[in-house]
Amino acid sequence: MMDSIKLHYDVPGDDFTRAGAASGDVKRNLKTLGISPSVIRNVSIAMYEGEINMVIHAGGGVIDVEITENEIIMTLADKGPGIENIELAMREGYSTAPDNIRSLGFGAGMGLPNIKKYTDEFSIDTKVGEGTTLNLKVYIQ
Amino acid sequence: MKIKDIVEILGAEVICCEDLLDTDVERAFGSDMMSEVLAFVNEQSVLLTGLVNPQVIRTAEMIDMPCIIFVRGKRPDLKMIEMAEDRDMVILCSELSMFTACGKLYAEGLRGGMSE
Ligand SMILES: Nc1ncnc2c1ncn2[C@@H]1O[C@H](COP(=O)(O)OP(=O)(O)OP(=O)(O)O)[C@@H](O)[C@H]1O
Ligand SMILES: [Mg+2]
């Protein structure tokens, strides 16, 4: 029986070049644990999209990851502007990213749909003016 | 196809990880939007892009891409090269446009990285 492993990351909101560092670290941890490549890939993509969103839309935040025997649980919480219309935000191609973000390679409106696609459980808690929390789970088969 | 074949077909410059030029690659994906790459790409694809910033390396890292080709004469900075070296990722630079680079690779047998 493996004890659960907990990882915590502060994601700075002012450093776009460092965005993704937390996801890279989780990826390396999962590799060391011998988790299957397809699970690692799903976790990496989902968490990376969430981490980028945190930086470009919400001024940073915190990420907690728990690795248990059966699943990987990710909680991404920010105190950004929140999402007014989740249904719209989930739509492929919908983005409020300004041109300067687009010129950095983001703002295709694919992030949230990607996160949903690559996770087994997905929920968003958000309140305008207060922030957004993503609760994600990927099962380890 | 091996990465070294790509070097030849594109007349590309090898920027780092020369020791990995014998790596086999079968697929490629060209885009300047990173979420698109993450949405559609299969593993072991090569990425062609005209976007130059550290998130290109991170995106490739998340899906284990063995090689990034910067087109349109774009060049990575030292920090990006270091990141790629740490991750065993070959970086190539080509003067060709995205269209021409993709076309030449397709003509030589490389196929799309999207399930199609
Ligand atoms: N953490 C967040 N805080 C506030 N708004 C968010 C957050 N995450 C997403 N959004 C909103 O939801 C929209 C859709 O997000 P999504 O990640 O799908 O696309 P994007 O980030 O704009 O572009 P891409 O992910 O393709 O680079 C965003 O444009 C933004 O308006
Ligand atoms: Mg996004």
Percent relative contact order of chain B, based on C-alpha pairs within less than 8 angstrom and at least six residues apart?
34 percent
Between A:Pro98, A:Pro113, A:Pro12, where does the largest GNM mean-square fluctuation fall for chain A, given springs only between Cα atoms within less than 10 Å?
A:Pro98
Accessible surface of region A:20-141 [probe 1.4 Å, protein heavy atoms]: carbon and sulfur percent
49 percent
In whole percent, what relative contact order does region A:5-139 give with Cα contacts below 8 Å and a gap of six or more residues?
27 percent
Compute the relative contact order of region A:1-82 as a whole-number percentage, counting only Cα pairs closer than 8 Å that sit 6 or more residues apart in sequence.
40 percent
Top mean-square fluctuation among A:Asn70, A:Asn114, A:Asn100, Gaussian network model of chain A, C-alpha springs under 10 Å?
A:Asn100
In square angstrom to the nearest 100, the accessible surface buried at the A/B interface, both sides summed with a 1.4 Å probe, amounts to 2000 Å²
Using unit Cβ charges (K, R positive; D, E negative) and no other charged atoms, how large, in debye to the nearest 20, is the dipole of region A:24-133 about its Cα centre?
400 debye
Please report the projected area of chain A's Cα convex hull averaged over all directions, in nm².
8.0 nm²
How much of the accessible area of region B:59-105, in percent, comes from carbon and sulfur atoms when a 1.4 Å probe is used?
55 percent
Using Cα springs under 10 Å in a Gaussian network model of chain B, which residue among B:Ile69, B:Ile91, B:Ile15 shows the largest mean-square fluctuation?
B:Ile15
Where both residues lie in region B:3-111, what percent of DSSP beta bridges are antiparallel, nearest 5?
20 percent
FRET efficiency for A:Ser123 and A:Glu84 from the Cβ-Cβ distance with R0 = 22 Å, rounded to 0.05, comes out at 0.80
Please name the residues of region A:15-33 whose accessible area, counted over protein heavy atoms with a 1.4 angstrom probe, falls by no less than 50 Å² between the chain alone and the full protein assembly.
A:Thr17, A:Lys27
Under 25 Å from the Cα of B:Lys2 - lysines, other chains or at least 8 residues apart:
B:Lys74, B:Lys104
Efficiency by 1/(1 + (r/R0)^6): what FRET value for A:Glu66 and B:Arg72, r their Cβ-Cβ distance, R0 = 51 Å, to the nearest 0.05?
0.75
Span from the region A:1-77 Cα centroid across to the region A:94-118 one, whole angstrom
18 Å
Just report the Cα centroid separation between region B:85-103 and region B:19-40, whole Å.
9 Å
Just for the protein assembly as shown, what percent of DSSP beta bridges are antiparallel, to the closest 5?
70 percent
At 1.4 Å probe radius, can you tell me the per residue accessible area of the protein assembly as shown in Å²?
47 Å²
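The values are calculated or read from the model by the stated rules, or taken from the named source; none is laboratory data. Everything numeric here is computed off the predicted structure, so don't read it as measured data. Reconstructed Cβ throughout: ideal geometry from the backbone, glycine too, with neighbour counts over all protein chains shown. Just so you know, the surface numbers come from the protein's heavy atoms only, side chains and all, with ligands and any DNA or RNA stripped out. Shrake-Rupley method; radii C 1.70, N 1.55, O 1.52, S 1.80 Å.
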